[in-house]
Structures are given as C-alpha cells and as structure tokens.
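Nothing in this text is a laboratory measurement; each read-out follows from the coordinates by a stated rule. As the structure is a computational prediction, the values presented were derived from the model and not from experiment. Here the Cβ positions follow ideal geometry from the backbone for every residue, glycine too, while neighbour counts run over all protein chains shown.
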Amino acid sequence: MICTINENILSLYILMKNRYLLIFVLMLASVPAVRAQWDVQFSDFTALKSFYNPAVSGTDGMLDVDAVYSMQMVGYDGAPATMYVGASMPVYFLTPRHGAGLSFLNDNIGIFSTTKISLQYSYNVKVSTKGRLAIGVQGGLMSEKIDPSGMELEDNSDPAFPSSQQDGNTVDIGAGLYYYHPNFWAGISGQHLLAPTILIGETNEIEISRMYYLMGGCNIKIKNSLFTLQPSFLIQSDLDTWREDLQCKVAYESEGRKFYGGLGYSPNTSVTFLVGGVFHGISLGYNYQMYTSGVGAINGSHELVVGYQTNLDLFKKGRNKHKSVRWL
C-alpha cells in the first residue's frame with residue numbers, strides 16, 4: 001500500500017500476539033511491489049483494463065461485466081483477499097461514442113478493510129482510419145475500516161488503540177487516456193489524483209499517494225494458423241517506487257471458441273501463469289502468481305476472473321464495427 005499510517009496504527013501490529021499475522025506483516029514489508037502500492041495488483045491486468053483506466057469504459061461497443069476474486073499470499077492469517085465487480089457499456093449519442101461504467105471493490109488485509117464504489121465516463125473520437133482515442137474520468141467514494149476484534153493487546157486500557165471498529169471515507173478521483181486499434185492498444189492513467197487523506201476515528205489517518213499507470217499491448221497473428229500472440233505490459237508508479245509487469249498470451253480462436261494460456265513476469269517480484277477461455281459470451285480465467293522474492297513461491301496468489309460480454313450496437317449494421325478489446 002502507498003499510505004502513511006500514524007504511529008498508533010503501526011503499534012497495533014507490533015503488539016499483536018497472533019504471531020502468524022505478525023509474520024505476514026513482516027513478510028509483506030519485504031515485498032517491494034506490495035508495499036509500494038495502494039491499489040490492488042491483479043495478476044491478469046489485460047482482463048481488467050477499466051480497473052486501471054476509466055477511458056476504457058464502453059470503448060468496445062459491448063456490455064461488459066467482470067468479477068474477480070483474488071487471494072494473495074495464501075497460507076498467512078490476515079493475508080489480502082480482494083473482490084472486484086465492474087460493468088461498462090457504450091452510450092450512443094449520434095457521434096462520437098460515449099461510455100459509462102460502474103465498479104465495486106472490497107479489499108481486506110489483516111485488521112484493515114477497504115471499500116470503493118466508482119462511476120466512470122469516457123468520450124472517444126476517431127483519430128485514424130481504424131483507431132480511436134478515448135478520454136475518461138472516474139469519481140468514487142473510498143472507505144477504510146479498522147476492526148480490532150480478535151486482537152489481543154498487552155494493555156487493553158491504552159487509549160492509543162481503538163477498542164471498537166472505526167472507519168472513515170473520502171472522495172477519490174481518477175482520469176485516463178486510451179488509444180485502441182484492431183491490432184494494438186495503449187493507455188495512460190492516474191488514480192487518487194487528489195492524494196486524499198482518510199481520517200479514521202479521532203486519532204488515526206491514512207494518506208493515499210497518487211498512482212500512475214502506463215499499459216499497452218498488441219495482436220500478432222501467427223501465419224497460417226488459428227493462434228495469436230498477445231504481448232502486453234503494465235508499468236505502475238507513485239513516482240517514488242515502480243513496478244513493471246510483462247505478459248504474453250497465446251490465444252486460439254475458431255468458430256466462436258476462444259482459449260488462451262500465458263505467462264507473466266514482474267522483475268524481482270513474481271512469475272504468473274494464466275489460463276482461460278470464452279464460452280458463449282462468458283469468459284473464465286484462472287491465474288497463479290508465484291513470488292520470486294520475499295514471501296516465496298509456495299505462498300503465491302490465486303485469482304479467478306469471470307466475465308460476460310454481449311453486443312449492444314443496436315443501430316445500423318456495421319456502424320462502429322470493431323473487435324473486442326478483450327482480445328487485442
């Protein structure tokens with residue numbers, strides 16, 4: 001997490017008698033990529049582009065619904081567990097095309113729980129024969145909760161520690177640009193642009209740093225075959241720390257059947273294995289992120305992604321025809 005928590009909250013961890021949670025926190029601090037980001041790190045970022053960039057919403061001309069459940073650093077008590085649900089669709093107002101999206105995120109780690117509800121809007125225009133450029137904004141409400149139930153403190157009377165559940169919330173803003181073409185795509189975005197501070201109770205606060213994302217990918221058709229290479233990348237930073245992710249899928253598509261397998265790599269952090277497919281408009285993917293430092297290979301992250309997609313272009317046949325960004 002990119003956050004600053006005052007000394008009272010940090011002391012909560014130090015005084016915990018649950019040695020397994022304490023070990024987890026210490027291991028968490030040893031993984032730079034986790035410590036260096038507030039936002040959740042999903043294993044398959046290409047399946048959840050609108051999570052990182054609001055400009056993606058509605059750009060494929062279809063209704064997209066995605067749900068993901070991620071269990072990170074399995075085997076440790078209090079390890080992160082994340083649920084995300086997002087939906088986006090185009091909104092036709094003659095020309096150009098508008099898009100809208102709605103998302104819900106719940107992220108739990110130890111005694112902390114983060115909930116975020118966001119609305120997205122995108123506006124895209126044609127900039128080349130086959131390419132379009134979209135600009136998007138996102139606004140939402142972020143809530144942070146501390147639940148000390150189940151903790152055993154050496155001194156329960158210390159007023160520095162909350163004796164009951166406490167929470168706080170703040171407004172959160174994001175924005176992005178996204179260019180898409182039948183053969184490639186690229187985007188740049190920023191989250192938490194107001195660098196908000198969440199006040200929790202009377203004594204605690206969490207400062208959230210701005211996060212910036214650069215991502216892109218392309219389709220490389222393998223000659224005389226039904227296979228396509230889909231390399232992609234994601235770079236994320238708060239301008240102090242960085243994380244780079246490289247990914248390549250091999251996709252097979254024939255008569256409406258789509259399957260893929262792939263590998264991801266984040267230098268000094270992890271290797272990810274990806275597999276999935278699309279069946280009658282329903283996509284299903286499973287990803288395993290194996291850490292190469294800090295936590296180690298065994299206690300990796302499991303991620304299940306489910307999606308549904310259907311065509312919403314009810315206007316003139318062939319208008320705004322393009323291929324889904326899920327397979328770019």
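Would you mind checking the pairs Lys49/Lys258; Lys145/Lys249; Lys49/Lys223 and listing those with alpha carbons more than 30 angstrom apart?
The pairs that break the limit, which is 30 Å between Cα atoms, are Lys145/Lys249.
In Å, what Rg and Dmax follow from the Cα atoms of segment 119-275?
Calculated on Cα positions, Rg and Dmax stand at 22.0, 73 Å.
Can you compute the FRET efficiency between Glu207 and Arg257 using 1/(1 + (r/R0)^6), with r the Cβ-Cβ distance and R0 = 51 Å? Round to the nearest 0.05.
So the FRET efficiency works out to roughly 0.60.
Extending each Cα 7 Å along its Cβ direction at Met71 and Leu226, get the distance between those two points in nm, one decimal.
Here the answer is 3.4 nm between the modelled labels.
How much length would be gained if the chain were fully extended between Ala297 and Ser128, taking 0.36 nm per residue of separation minus their Cα-Cα distance, in nm to one decimal?
Length gained, Ala297 through Ser128: 56.3 nm.
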